[in-house]
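**Student:** Structure below; questions to follow.
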Amino acid sequence: MVRSKAWLLRGFAVGVAFALTLAACGGGNAVSSQASGGASGAPKTGGTIYLLSLNQQWDQVDPQRIYTGEDLAFFGGTIQRSLTSYKYSADAKEGTSVTADLATDTGKPNATATEWSFTLRDGVTWQDGSPVTCEDVKYGVSRTFATDVINQGPTYQVAYLDIPSAKDGSSAYKGPYKKTGQDLYDKAVTCNGNTITFKLSKPVPDFNYTVTLGFSPVRKSDDTGESYGQPGHLVVSDGPYMVQSYSIGNGGKMVLVRNPKWNKASDPIRANYPDTWEVDFGIDPKVMDQRLIASAGKDNFAIQYGNIQPENLATIFTDPEHTTAQFTGRAVSGFDPYARYYWVNVNKVPDVNVRRAMWVALDRQAIRLNIGGAFAGNMADGVIKPNIGQDYASTGLLDGSLDWEAGTKVPDNGDPDLAKTLIAKSGKPAPTLTFNFANTPTNAKTAAIVKSSLEKAGFTIKVAPLEAGQYYSIVFDPKKSGEFGTAGWGADWPNASTVIPPLFTQKGGWDLSQLDDATLNQAVDAAQTDTDRADQSKKWQDLNKQVVENMWVLPTFFGLSQTLAGKKVGPIYRWPAYGSWPYGQMYTMP
Amino acid sequence: MAAYLVRRVVGMVVLLFLLSVTVFVLFNLLPGDPARLTCGKACTPQIIEANRHRLGLDQPVLTQYTNFVKGIFFGRTFSEDSPEPIICHAPCLGYSYNRHQQVLAAIADAAPVTFWLAVGAFLIWIVVGISMGILAALNRGSWVDRTIMGISLIGYSMPSFFIGLLLIFFVIIRFNWLPFPSYVSPFDNPIQFLQTMILPWIVLAVLNAAFYMRLTRNQVLEVFGDDYIRTARAKGLPERVVVVKHALRAGLTPIVTAAGLDLAYLLGGAIISENIFNLPGLGSLAVGSVLNSDLPLITGITLVTATIIIFANLVVDLLYAVIDPRVRVG
Amino acid sequence: MISDGVITDSEVMRREAALDRQFLTVNDLAVAFPTEDGLVRAVDGVSLSLEKGKTLAIVGESGSGKSVTAQAIMGLVNRKAAKVTGEIWLDGQELVAMPDDDVQALRGDEMAMIFQDPMSSLHPFYRIGDQIVEAIRAHRSMGRSFARREALEMLRHVGIPAVERRIDAYPHQLSGGMRQRVMIAMALINSPDLLIADEPTTALDVTVQAQIMELIQSLQAEFGTTVILITHDLGIVADVADEVAVMYGGRIVELGPTRAIYDNPEMPYTLGLLSSIPRMDRDPNKRLDPIRGNPPSPIKLPKGCVFQPRCNYFERVPGGRCFTERPELLEAELDHSVRCHIPHEERQQIANDVLHALTGGPTPL
């Protein structure tokens, strides 16, 4: 879920087809998260599962710094436990519901949800056999506050815990290395025997979901700071496996073997079938596809980290919902975590009618075709994606039911005439706009479509490609960015509290549209702190609708992705929790 | 000759200095903010500032550069605030936070792979390219010549990633003649080393061999028209001596230059082959560093590969002087 | 006086005796290169003969076939690229039909050659001493140091100063004249019976030219070498050659003793060549009189007389035979053959007029 910079980079490493570009899609039917049924053969205990990665290394292995859905799922299923985790299930609801992991239950809030307590299970140990203590969890959580050392990870610890801010707005606690403000942290997080209690600065009704992210124990004596988890400083496991070796670069491997001290009784979630996990780095994506298609020898037990190359999709799938007979039970097509959109700087394009005209004029059909057609994704009607669960409701954008659409269903290929009408309403001539995108061949073609379709409505569009690896670091600076550009976002857990606030408030961290509206901030705050989950859902749905009413961003596509596995590995489904393989349940077949 | 050598070495040092300055300034002028990249989402200006400080990017470029140069001669320390500060001994080319590895160590790990890749491919293409080229020249206009030039044209027009994928698909996946490439040092496991390297060698050699076939053929034919070849024949030398001692000696001299530079270029890393065959060489290291905006690593690799190429240029020029006496005096 | 084409019995006998003494005889030599544009007949039916120790000059413009004739004699024409027919007898051996290896054994040993540009004709990468040693050891099994001593001796002999130092020099370190001396030393190192000098002075300074010609002459006298001197410059031939063959369009157009060619040239082309030599005895006010027009293309030779398009006198031949009929090379006087349709007496008359006009008197040698 989570869109971190690491995710972006991985996308670029693959090349053009992924990442930012990937953004689009549309058309067609909604897609379930599971493509095809299981393979023959019963689960076997033992064997090795190979995870083929096109990357040269893990983005992060440090439990406080991992922030990519697939990585959270992999490490969560093997070596790193958190207070709560998600259930393994292909079902969208079941697979996104939290269950107790290190803790004995899913947490006990106080009445106002400003204080949450978790009690650790007995018998949970580190790989050397010593018990995982409350202090270990407390220390692990504290590491996130050392923002200059423990970076790139989730930061809900900093955002939610009841620790005052320093003058510059950052937390007064600077983490366990500098120890500045350590007393403040010790007040907010307390250990009482095996029970850890978090005091929060405001009500967080879904804090038991929050603790799936980075609320993992780290033993102080194991911590090497910056380098923790990297080769030479292997992360210490409290899960069913442990790291035997890790090398990076092409040809690099991470090998996980069984953790002999792992106590099955303390872990109701993980099935623990294979004896070994081997992650193979630096596999060329085209070669990877061919290996998995052939599925010979070790590749029978291999699964794909990354996506199937576009040119192979027709071999494997008949459509985004069905595999060909040959690949039944081996391939998955489903929603990836991300909703794609074009951010619009609301300071540079202040008139709502102009922003609406931009969306109306956009030829989303041609753009989706450019990035892979139906396999790339569905047309988006907002920033909340259907696979989030209860927080999603149709905004009506695609049905023409919004007020300003006046009942006209805007066609996928755009409506220049309606756009012109909207521009006329603004009382000013259509402006000149600059479009930013990460410079890849596919994106460049997309940009050409954006330009031509918006110019049909009277806009003048300048395209401004940016160096792919640097894209986000540039567009966050309004001085360097244009009026609008490509982006994408995925929820951190099945609550739109991880979508709306980051995208549309200054504190959120992903406010590319540069919104800072007091009324909106209040409404977001109210939704975030609403302890009535059903009521909260309603508020998120309303806010999502407000987004498309105001066109703070121009929704484009709900991304789909496709992955492939060898013939003798299972189960084959997309775990809704992270849009990933269900690592903790995976097995080889005889 | 000695004076020439000294002049060239001094020039090389000056060039490297200018290059290091250029690389430093250029990479610092790039749009984008490495500090922002390290910070992921939910990034506040404070965090960015802290990261900028941690990366040493808050200092003026000049200071960063002098620190870098100091590191090369005296070593330096990174992450002084961390529980385990990183001590980087001289010659220190910097520290890659992305790989959590010293830049020099990363390069030292990758360099042997690229070295073997380049040298193996080089030997194949030189032997095949030059011998085929000579054969074509000696049989100019015959079917031998036409066949060789035809092969050269095909080799020349096939993109290396295409040849690579084709070889992997057939040799490894389809027919299982070789295991999947997995690099080991030739000293640890020579068999696996050869099994891993043979296909990438072929891929790299095809394009260059095709080029060298043409180059050699043209060179030899050109030399055959030279007056001193006629003199050699007029002396009554056997044709074999005329070809080998007189024609090839002169005809292959320009090829030495080309080959030396091509080898040097390859020593900087072969991106496509390394990636297709999953080889942890300098090319894949460079790609990774660029994708991750890993400035210290990019700087280090750029400087090291530039040094290789500049050094190779020097070697080629010296070699040329050895081969061609006319160059020596100047 | 003998009229055209008529030879007396006594003359036949005299010639047969002479033929026995001939060291080099070329009969009906033809060299043709097939090209995409057609067959290039570079040499077309050349016959000549030369006694041992004599000097023959082959004179003609570039493209006349004189160099190809020389290379054909040396066996340096690439048999893959060209068709060589006819006979070349050298000291009793026929070379055209001889296997390549045998001709190779003669090259540099029995017959040797020096070239126009000594810079490009010496291998730039090898020391001159080594190049000469190589020539020695190609034909004689001799130790390196002995060969080197011999090379040193020969270099000294051809007038190179400080040979001990020069022997280890590379060609580019020597002057043009020195380089040509090296070439001569290399050519004569195995005491060949035949030396072919292909424009040996053309690429050299005027002052050096004379030295080189003198050197060739003195060495010829010393070793008794038979020399073929190939040149486009009739001017340098007079003092050197015993006989002169004038070539045009791949054929010999006039052949005779040097004296005869200078005093009584008959072929209008030879006349033209003589007219264009700057000479001390010539009236400086008379302008040089180059032959008009350009040499013929070797692919499209004129149907009749090859020289006709440039000839000032073809109108004197009745019936336009110059346009339709190739003239034969016929003996006009003793040992003096001419290829021309114009009658002998008329040719003499023309020559007298032209030479008188040039100098105001007969041409002294």
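Quick note: the coordinates plus some simple rules give every number you see, no bench work behind them. Everything numeric here is computed off the predicted structure, so don't read it as measured data. Counting neighbours? That spans all protein chains shown, and the Cβs are built from the backbone with ideal geometry, glycine included.
**Student:** Please compute, for the alpha-carbon atoms of the range B:104-323, the extent along each of the three principal axes and give them in descending order in Å.
**Tutor:** Cα spread of the range B:104-323 along its principal axes, largest to smallest: 63, 43, 31 Å.
**Student:** Okay, moving on. Would you calculate, for chain A, the mean residue ellipticity at 222 nm contributed by helices, counting each DSSP H stretch of 4 or more residues as -39,500 (n - 2.57) and dividing by all residues, to the nearest 500?
**Tutor:** After summing the helix terms and dividing by residue count, I get -7000 deg cm²/dmol.
**Student:** In whole Hz and in residue order, list the ³J(HN,Hα) couplings for the range A:98-112 that follow from phi through the Karplus curve 6.51 cos²θ - 1.76 cosθ + 1.60, θ = phi - 60°; x for Gly and Pro.
**Tutor:** Working through the residues one at a time gives 7, 9, 5, 10, 5, 7, 7, 8, 8, x, 10, x, 7, 4, 9 Hz.
**Student:** Residue by residue through the range A:534-544, what is 3J(HN,Hα) from phi via Karplus (6.51 cos²θ - 1.76 cosθ + 1.60, θ = phi - 60°)? Round to whole Hz and write x for glycine and proline.
**Tutor:** Going residue by residue, I get 5, 5, 4, 4, 4, 5, 4, 4, 5, 5, 4 Hz, with x marking Gly and Pro.
**Student:** Determine which residues of the range A:210-251 fall in the zone a paramagnetic label at A:Glu135 would reach in this model, i.e. backbone nitrogen under 12 Å from the point 7 Å along Cα→Cβ.
**Tutor:** Counting only backbone N, you get A:219-221.
**Student:** OK, next. Stretched out fully, how many nm does the piece from C:Glu164 to C:Asn78 gain, at 0.36 nm a residue minus the Cα gap?
**Tutor:** 27.2 nm
**Student:** Averaging over every viewing direction, what projected area does the convex hull of the Cα atoms of the range B:78-223 cover, in nm²?
**Tutor:** Computing the convex hull of the Cα atoms and averaging its projections yields 13.3 nm².
**Student:** Given the C-alpha centroids of the range A:225-290 and the range A:459-534, what is the distance between them in whole angstrom?
**Tutor:** 34
**Student:** What's the FRET efficiency of B:Glu84 with B:Val127 using the Cβ-Cβ distance as r and R₀ = 56 Å, to the nearest 0.05?
**Tutor:** In this case the efficiency is close to 0.65.
**Student:** For a test of the definition: using alpha carbon positions, the gyration tensor, and the 1.5 limit on a/c, classify chain A as rounded, prolate or oblate.
**Tutor:** Oblate, because a/c is 1.5 or more while a/b does not exceed b/c.
**Student:** Going by alpha carbons, how many degrees (0 to 90, nearest 10) lie between the helix axis of A:416-426 and the longest principal axis of chain A?
**Tutor:** Orientation of helix A:416-426: about 80 degrees from the principal axis.
**Student:** Please give the Cα centre distance for the range C:167-210 versus the range C:300-341, rounded to the nearest Å.
**Tutor:** Each part's Cα centre sits 38 Å from the other's.
**Student:** From Cα pairs below 8 angstrom and at least 6 apart in sequence, can you work out the relative contact order of chain A, rounded to a whole percent?
**Tutor:** Here the relative contact order equals 26 percent.
**Student:** Based on Cβ point charges of +1 for Lys and Arg and -1 for Asp and Glu, what charge dipole magnitude is obtained for chain A about its Cα centre, in debye rounded to the nearest 20?
**Tutor:** Approximately 600 debye in magnitude.
**Student:** For B:Asn67 and A:Gln546, what is the calculated FRET efficiency with R₀ set at 60 Å and r taken between the beta-carbons, to the nearest 0.05?
**Tutor:** Calculated value: 0.75.
**Student:** Sticking with the crude label model, points 7 Å out along Cα→Cβ, report the distance from B:Ser157 to A:Ala534 in nm, one decimal please.
**Tutor:** So the label points at B:Ser157 and A:Ala534 sit 7.1 nm apart.
**Student:** Can you pull the one-decimal nm distance between simple spin-label points at C:His172 and B:Ser182, each 7 Å off the Cα toward Cβ?
**Tutor:** Between C:His172 and B:Ser182, the label points sit 5.5 nm apart.
**Student:** Taking every pair of distinct Cα atoms and averaging 1/r, then inverting, what Kirkwood hydrodynamic radius in Å comes out for the protein assembly as shown?
**Tutor:** About 37.8 Å, per the Kirkwood formula over Cα pairs.
**Student:** Measuring from label point to label point, each 7 Å out along Cα→Cβ, what is the C:Ala210 to A:Gln506 span in nm?
**Tutor:** 10.1
**Student:** For a 23 Å ceiling on Cα separation, which of these pairs sit above it: C:Lys66/C:Lys303; A:Lys425/A:Lys456; A:Lys108/A:Lys545; A:Lys348/A:Lys451; A:Lys425/A:Lys445?
**Tutor:** Check vs 23 Å cut-off fails for A:Lys108/A:Lys545; A:Lys425/A:Lys445.
**Student:** Further question on the same structure: Taking the Cβ-Cβ separation of B:Leu18 and A:Lys179 as r and a Förster radius of 60 Å, what is the calculated FRET efficiency to the nearest 0.05?
**Tutor:** FRET efficiency, B:Leu18 to A:Lys179: 0.85.
**Student:** Using +1 at the C-beta of Lys and Arg and -1 at the C-beta of Asp and Glu, which of B:Asn275, B:Leu318, B:Ala121 has the Cα lying farthest in the positive direction of the dipole of chain B?
**Tutor:** B:Leu318
**Student:** Springs between alpha-carbon atoms under 10 Å, Gaussian network over chain C: tell me which of C:Asp193, C:Asp263, C:Asp109 tops the mean-square fluctuations.
**Tutor:** C:Asp263
**Student:** Specify which residue in the list B:Ser131, B:Tyr156, B:Ser96 is farthest towards the positive end of the charge dipole of the range B:66-166, using unit charges on the beta carbon of Lys, Arg (+1) and Asp, Glu (-1), about the Cα centre.
**Tutor:** So the residue furthest toward the plus end is B:Ser131.
**Student:** Which of the peptides B:115-127, B:203-215 is most tightly packed, and how do the rest follow, judged by the mean count of other Cβ atoms within 10 Å per residue?
**Tutor:** B:203-215, B:115-127
**Student:** Using only atoms on other chains, find how many Cβ atoms lie within 10 Å of each Cβ of peptide B:103-114 and report the average.
**Tutor:** Partner Cβ neighbours, averaged per residue: 1.
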